[in-house]
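Notes for the one structure printed next.
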Amino acid sequence: MKFPFINRELSWLDFNRRVLQEAQDLSVPLIERIRFIGIFSNNLDEFYKVRYATVKRIAQMVSERPTEEAKNAEQLLHEITQKTTALQDESFATIKQLTEELKSEQIYVLDEHMLDQEYAAFVHQYFNEKVSPSLLTVLISEETRIPNTKGSNVFLGVRMEQATSKEPLFALIQIPTHLDRIVILPSRGDKKYVMLLDDLIRHQMQYIFAIFSPTSISAHMVKFTRDAELDFDDDINKSYVDKIASSVRERVDGDPVRFVYDKQISRDTLDLILDKFKIGSRDSIIPSGRYHNRRDYMKFPSLGRKDLLYDKMVPLAIKDFSLDHSVLAQIAQRDYLQYAPYHSFAYIIKFLREAALDPKVKSVFITIYRLSDDSQVANALIQAARNGKRVTVQIELQARFDEESNIRYAEMLKNEGVRLIFGIPSLKVHSKICLIQRQEQNKLVRYGFISTGNFNESTARIYTDYTLFTANQSILKEVNKVFDFLEKTYKVPSHKHLLISPFTTASGLKKRIEREITLAKEGKNALIRIKINNLTNLDMVKALYTASQAGVQIRMIVRGICCLVPGVKGFSENIEVISVVDRFLEHPRMIIFENDGNRDIFISSSDWMSRNLDNRVEVSCPIYDKAIQQELVDTFELSWNDNVKSRWVNSDKKPNYRTNGAAPLRSQEATYAYYKSKI
């Protein structure tokens, strides 16, 4: 039988289909459902910038080197376009339904044909004051230079008829991205009114093109996406920072990968734009509806309607871990686990601020992947440097789509006396670790935290992630070796506690899977629980298939891509895979090896993808505290028992929503209740 393995790109589209389902779920508050349309659209944008662009690069080898891989890539591009077109059609039908549901809540989305005199006057003034100064309008001719597009961009393709000419005029209007896409109009009583910025611009067309005295104007939206992969030149005289900055700037010249257009656009307008944007046969050309760039719906305004939003989940305190006392003194006594967003992110900030002020703290080391726009983490590190601490920050300049932000932070931290290291250009640093060294009597004592997520206050409100606070000197000695490696890349870190990519993560996991296989063959308790974002690595899939064949029971919660196929006779009868998609983004990586009752548990920054196992610096940390071990098992089981927001992955079971006959259990709500009961 052929080895069962799902293509990663097609699997990712299945994941985004699960996101779209949240916009269709009647149990989700209405405005939150609209925002899920935005998340779905934003996900798709990033998919095309990165994954589709990569497949396209492979497909381009057909003409150069007609390999089997390149030919398969050509077919895959076609399959992706077909699947995406179907998803786009479904999403447009969904937003149409949501717009109707808004009306029942007395919220109305107006287009350019629906404005009365009062609203027309408001729109005209709004346009003159806020929109017109930012509007880029270009007449299309042979001499026209198309505006640079950075990442995804949207335009109105305009066609005008004139009484003085038989030939139509064509133009492009670039939709400003720094303005609110959803314009709030004045309320009337209990009725709320909003308008999309593109429709507001459509309403002003006669005003914009008044000098041409057009007899008719039509305007249809088009959306254009470029390859966002960074290409580095070989100039050895350039610093690593300069190369990243240069490559980010050059994204505006990346190859096109997707072109989405309003199906109602005239053929001559469309052909002219396709020619100007140099859209080719390998680009995904998708006929669609009237509105694009729906990622802006992520910011759909609340309009004062709290009843149409999720109920607030106020972040909780960690049991017996007080923010009113020294967190270092408490960590010295025992380990603590933070599970954001159920727990407050304030513990990380308190740890860093206390380290910054404590005269006995001599040094601070931290890895940074993505920071929030106004980062308290960065502020605390600057405070530590100003107080004379030796602060070392490894900041990842290749954190996709955050390169510019991280360069800005790097410059700011450097100016404040923070010591920066950048690791190896070909090896991203994705680990989430922090270490401080404190002088206690005659020796340096280490304290630290190890996380599955970024040290980012903004995402900590919507991503679920584990962070372990510990003073375990054996673990932290190995964390220190990771920082030594980042500074002196010839010093491969030796370790027996941590699993560290690219050295021992894959081999360490396989070793433990093999131990479960041995236990299963001996008739002992063999069970593996895995919670990760993505599973694409072929060797890890094979290892799990081998374990299943030996009788190991495997439960997997995979949020995104899953190339493994569960329930296949001869391969994976003992594997079940679900995905949980709900109000918070499931982001932690956790592995529980039952080991016949002597549990071996890790939290990790690493997914089971080749890039994480072989091409990144990742840290997986063992959990030795028995109470925290049980906490991780409990929270895994809450997710596993979810029968409201979980779906079967790559399974023949229909419908894909997972039911188990038990009372409804929504794991994210149950997890919050679990921690609330502990306080």
Where nothing but the Cβ of Lys and Arg (+1) and of Asp and Glu (-1) is charged, how large is the charge dipole of segment 327-497 around its Cα centre, in debye to the nearest 20? 680
Just to be sure I understand: of the beta bridges DSSP finds with both ends in segment 327-497, what percent are antiparallel, rounded to 5? 70
Pair residue 598, residue 615: separation of 7 Å Cα→Cβ label points (nm): 3.8
Peptides 615-623, 163-171, 285-293, 448-456 ordered by average Cβ neighbours within 10 Å, highest first: 448-456, 615-623, 285-293, 163-171
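Compute the FRET efficiency between residue 141 and residue 207 as 1/(1 + (r/R0)^6), taking r as their Cβ-Cβ distance and R0 = 25 Å, and round to the nearest 0.05.
Approximately 0.65, to the nearest 0.05.
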In order over segment 554-571: 3J(HN,Hα) from phi, Karplus 6.51/-1.76/1.60, θ = phi - 60°, whole Hz, x for each Gly or Pro, gives 10, 10, 10, 10, 10, 5, x, 7, 9, 8, 7, 10, x, x, 8, 4, x, 10
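About the Cα centre, and with charges only on the beta carbon of Lys, Arg (+1) and Asp, Glu (-1), how big is the dipole of segment 496-640? Nearest 20 debye, please. Each step should come with its number before you reach the end.
Working: 19 positive and 18 negative charges, 58 e Å.
Computed about the Cα centre, the dipole is about 280 debye.
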Nitroxide proxy distance, nm - points 7 Å out along Cα→Cβ at residue 515 and residue 50: 3.2
Round to the nearest 10 and give me the degree value, 0 to 90, for the angle of helix 538-549's Cα axis relative to the longest principal axis of the chain. 60
Looking at segment 548-582, which trypsin sites (Lys or Arg not before Pro) are in a loop (DSSP not H, G, I, E or B) and have at most 12 other Cβ atoms within 10 Å? 569
Angle, helix 505-521 long axis vs. longest principal axis of the chain, Cα atoms, 0 to 90°, nearest 10? 60
Report, in debye and to the nearest 20, how large the dipole of the chain comes out about its Cα centre when Lys and Arg carry +1 and Asp and Glu carry -1 on their Cβ. 1800
Taking amide H positions as placed in the peptide plane 1.01 Å from N, state which residues far from residue 585 in sequence (5 or more) or on other chains have amide H under 5 Å from it. 463, 464
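Starting from 0.36 nm per residue, how many nanometres of slack lie between residue 390 and residue 522 once their C-alpha separation is accounted for? Kindly include the intermediate steps, with their values, before the conclusion.
On the way: separation 132, 0.36 × 132 = 47.52 nm, distance 5.26 nm.
Stretched fully, the residue 390-residue 522 segment lengthens by 42.3 nm.
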Taking alpha-carbon centroids only, segment 2-37 lies from segment 71-94 a number of Å equal to 14
In segment 486-563, if the dipole is taken from +1 on Lys/Arg beta carbons and -1 on Asp/Glu beta carbons about the Cα centre, which of 552, 541, 486 is farthest to the positive end? 486
Fully extended, how many nm does the chain gain between residue 634 and residue 538 (0.36 nm per residue separation, minus their Cα-Cα distance)? 31.6 nm
Footprinting proxy, 25, 199: sorted fewest to most Cβ within 10 Å, the residues are 25, 199
Mind pulling the angle between the C-alpha long axis of helix 8-24 and the longest principal axis of the chain? Nearest 10 degrees, somewhere in 0 to 90. 70
Whole-Hz ³J(HN,Hα) from phi, Karplus 6.51 cos²θ - 1.76 cosθ + 1.60, for segment 291-308, glycine and proline x: 10, 10, 6, 6, 4, 5, 5, 4, 9, 4, x, 6, 6, x, 9, 4, 5, 9
Residue by residue through segment 162-174, which ³J(HN,Hα) values in whole Hz follow from phi under the Karplus form 6.51 cos²θ - 1.76 cosθ + 1.60 (θ = phi - 60°), with glycine and proline marked x? 10, 5, 8, 8, 7, 8, x, 9, 10, 8, 10, 10, 7
What distance in nm lies between label points placed 7 Å from Cα along the C-beta direction at residue 129 and residue 320? 5.8
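Got a sec? How would 203, 497 order by Cβ neighbour count within 10 Å, fewest to most? If you can, show how the numbers build up before the last one.
Working: 203 21, 497 16.
With the fewest neighbours first, 203, 497 line up as 497, 203.
For residue 177 and residue 118, calculate 0.36 nm times their separation in residues minus their Cα-Cα distance, and state this gained length in nm to one decimal. Walk me through the intermediate numbers first.
On the way: separation 59, 0.36 × 59 = 21.24 nm, distance 2.67 nm.
So the chain would gain 18.6 nm between residue 177 and residue 118.
Based on the Cβ-Cβ distance from residue 101 to residue 405, what FRET efficiency comes out when R0 is 30 Å, to the nearest 0.05?
Details: r = 36 Å, r/R0 = 1.21.
After rounding, the FRET efficiency stands at 0.25.
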FRET efficiency, 1/(1 + (r/R0)^6) with R0 25 Å, evaluated for residue 10 and residue 60 via beta carbons: 0.80
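Throughout, read-outs are computed from the coordinates displayed, never taken from laboratory work. Computed from a predicted model, the values in this text were never measured in an experiment. Cβ: placed from backbone, ideal geometry, glycine included. Neighbour counts: every protein chain shown.
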